[in-house]
1. Checking Ser130 against (1) over 19 Å from Gly108 (Cβ atoms); (2) of a type in the set (Ser, Thr, Tyr); (3) surrounded by 13 or more Cβ atoms within 10 Å (Cβ to Cβ), which test does it fail?
2. So, Pro279, is that one at pLDDT 60 or above and either in contact with an Asp or Glu (Cβ under 7 Å, 6 or more places away or on another chain) or among the basic types (Lys, Arg) (or both) or not?
3. In the stretch 38-71, which residue that is at pLDDT below 95 and charged (D, E, K, R) is surrounded by the fewest Cβ atoms within 10 Å (Cβ to Cβ)?
4. Does Trp180 count as surrounded by 22 or more Cβ atoms within 10 Å (Cβ to Cβ) and farther than 17 Å from Leu234 by Cα?
5. For the stretch 113-121, state whether one or more residues are crowded, with 18+ Cβ neighbours inside 10 Å, among the acidic types (Asp, Glu) and closer than 18 Å to Val156 by Cα.
6. Give the stretch 78-110 a look and list any residue that's surrounded by fewer than 22 Cβ atoms within 10 Å (Cβ to Cβ), in contact with a Gly (Cβ under 7 Å, 6 or more places away or on another chain) and in a loop (DSSP other than H, G, I, E, B), or say none.
7. Mind counting the residues in the stretch 111-120 that are within 13 Å of Gly57 (Cβ to Cβ) and part of a strand (DSSP E or B)?
8. Being among the acidic types (Asp, Glu), over 28 Å from the mean Cα position of the chain (by Cα) and closer than 24 Å to Phe44 by Cβ is the filter here, so list the residues in the stretch 196-244 that pass it.
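The values are calculated or read from the model by the stated rules, or taken from the named source; none is laboratory data. For clarity, every value in this text was computed on a predicted model and none was experimentally measured. Note: ideal-geometry Cβ built from the backbone for every residue, glycine included; neighbour counts use all protein chains shown.
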Amino acid sequence: MKTLGALVLLVAPAPALAAEGSLPPALEWYAVPGAPDGPVSVLFATDIGDGLALYVGGEFDVAGGLATANIARLGSAGWAPLAGGVNGKVHRLSTYDDGSGAKLVVLGDFTLAGGLAAEGIAFWDGGSWSTPPPGLGIAPAAAAQYDGPLGRRLAVAGQPPDPYGTATPRALWFLDNNGWSSVVTYAPILVDLVAHDAGAGPELFGAADYAYVERWSDTAHSQMSVPQIQPIALRRVPEGDGHALLLGGLDWVMGTPHHSSEIPIGDSLARLGPNGWEPEGHNLGSLGHGSEHMVWAIEPWNGPFGPTLVVAGSFQYQSYSFVDVPSLVQRAHTQAGTDVEPIWVGVGNSPSGVHCLESVDLGASSILFAAGQNLGTNGHSLGTLAVYGGGAQALPRWESIATCSPSLYKLRTSLDHAVVGTQLMLEANGPSETWGMVAVAIGTGIETGPTGCGIEIDGIGDWLLSGTSGPFWMLSVGPTWGPSIGPWEWSIPASPTLLGTEIVMQGFSSHMFYSLYGTTNAVRIRVGM
């Protein structure tokens, strides 16, 4: 995860946290404006030299109202296409730096990237596409930069054209300055790949389409048995001063669970320890003989609950009663205990639900995204991309501050919270034939003046805002021939760097025919998630 400088997000207001062990009731999921018009398969936050952005891949034509061709960038300027995109579904995203700078690695079912011929793999450097030399002998499923003893290479795992037709499958390929090369693998198909140092130096770990994980270094190659019947996803997550390697997979309940009316069982999540892969022990699983469950997305998240492990998949959970929801998202504290609680009950509306998770750092905390197809929660549609609105800081409602001078109208808003990147609907009531201006300022700790009423600032007028440390806007809201001025919209700048700062608005008004003037009340709110 990277530290977020400026990224266009839609995030929810953050209430004060509830008691330990319970969910703050106001934390909710919100649809991201401009979400792709088709299924999203992968989310990946990275900075390849043009600012941190959330890259979104899948099978879609439009994002943010723009033609995006299966891949798009969500950054400080909003949604943007990647120069023509690719002509097929995007499955996986990664990064690779061959010494000339970091590039986004795009994997999928495509033959063209920005008009260039491609074998399901292409590089994006922030401004243009490039493709590696031909010769990749697999349909790529995952990629990782591997800095081993033999030097830096891009490792790519996937499926050979005839995976079961040879006794010496080659499901792992390497790209260096000399082109492509391959190694013989135990598994005919590899579905995921991670570079990780488990104490023996840099190694590659590949999730096999069998009941094991393959492990490579430049001098060794081995198989590792796993609790899962079928591995699906590998994820390297922060832990203490280092990292841990986790594995999600598919498991079946082959017998009658102990206390089956109370506790679901299963081994769909595992951790690499000193003695190999061990069940993680979280309360994820299924009930009843022959039932199955799986974990296909694992994401570390430093959100409102502290350091947290979030998993998505198809499983049951224990929370007063069992609820069987496909594509459920759950969280598990990684520091102490193994309790699991749902954070999105109802996700997984037919046909697909959640495909992927990604958290993006905001400095002291991070925001969690989930993507897929036909997402929904509490009866509300969320489209293909959603963000979980939560944060540690309490967020006050709108505060209306009276002025100490005559006021011709009263400023108000139809919203009771400020959310980064959204629009505030503002209006004012007052006498007819009134002309007005509203000053909008953003800053931290803006004072209301020594009298405690209104905001006294030297400059544009006796009461209009100026001299603030942050951005400053003037909005014309008149003249009007009726009792109301507005409504009108003002967009909160799309930058989470504003989180915790304040928006203050105050108006100056005058009557068109009479020598009447004054100020509106001041409206102030702190920007939240």
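1. Only one criterion is unmet by Ser130, namely (1).
2. Taking the combined requirement at face value, the residue satisfies it.
3. Asp50
4. Working: surrounded by 22 or more Cβ atoms within 10 Å (Cβ to Cβ): no; farther than 17 Å from Leu234 by Cα: yes.
So Trp180 does not fit the description; no.
5. Yes, the stretch 113-121 contains a residue that is crowded, with 18+ Cβ neighbours inside 10 Å, among the acidic types (Asp, Glu) and closer than 18 Å to Val156 by Cα.
6. Ala83, Gly84, Gly88, Lys89, Gly101, Asp109
7. Residues that pass the stated criteria total 1.
8. Glu214
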